[in-house]
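*Asks:* Dropping a structure here in structure tokens format, bear with me for questions.
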Amino acid sequence: MRICPKCGLNNPPGTVACNCGYDFKRSVSLVAAGYVCAVLALGFFPPGFGLAAVVIGIVNVTKSKEGHGIAQIVLGVTCGFVGWNIGANIAATGHPW
Ligand SMILES: [Zn+2]
């Protein structure tokens, strides 16, 4: 059973999209992508990946994934900020502190 988080309908196993239009596969990969971008923001190009995590978080909030979405917005901002500081410190001093 795959219970649709949007409408609550019980879909058969392996269902890709619910009758209401909710896309199980895309929403799962978007949730994963948001966390991946937030983590990547710590080490690589914080403005890009941090912003991407925030944008994906907003998309997840609009797709009835409020918990993940809000977590990703917070993580995206935090990791982007921390990653930015680490990058600035490496550029200024040659080491990340
Ligand atoms: Zn549904």
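Read-outs: derived from the displayed coordinates by stated rules, not from any lab. From a predicted model like this one, the values you see are computed outputs, not experimental measurements. Every residue, glycine among them, receives a Cβ derived from its backbone with ideal geometry; neighbour counts consider all protein chains shown.
*Asks:* Which residue, chosen from Gly69, Phe49, Cys37, occupies the Cα position most advanced towards the positive end of the dipole of the chain, where the dipole is computed from +1 (Lys, Arg) and -1 (Asp, Glu) charges on Cβ about the Cα centre?
*Replies:* Gly69
*Asks:* I've got another one for you. Let me spell out the model: positive unit charges on the Cβ of Lys and Arg, negative unit charges on the Cβ of Asp and Glu, origin at the Cα centre of the chain. What dipole size does that give, in debye rounded to 20?
*Replies:* Numbers: 6 positive and 2 negative charges, 59 e Å.
It works out to roughly 280 debye.
*Asks:* Under the rule of -39500 (n - 2.57) per DSSP H run of 4 or more residues, summed and divided by the residues of the chain, what mean residue ellipticity at 222 nm is obtained, to the nearest 500 deg cm²/dmol? Write down the numbers at each step before the final one.
*Replies:* On the way: 3 runs with 65 residues, N = 97.
Computed ellipticity for the chain at 222 nm equals -23500 deg cm²/dmol.
*Asks:* Return the unpartnered cysteines for the chain, using a Cβ-Cβ cut-off of under 4.7 Å.
*Replies:* Cysteines lacking a close Cβ partner in the chain: Cys37, Cys79.
*Asks:* Further, regarding this structure: With Cβ to Cβ distances under 10 Å as the rule, what net charge do the other residues near Cys18 carry (K, R +1; D, E -1)? Can you show the working numbers first?
*Replies:* Working: positive: Arg2, Lys6; negative: Asp23.
Result for the local shell: +1.
*Asks:* Turning to a different aspect of this structure: Taking only C-alpha pairs under 8 Å that are 6+ residues apart, what is the relative contact order of segment 24-93 in percent?
*Replies:* It comes to 34 percent, rounded to a whole number.
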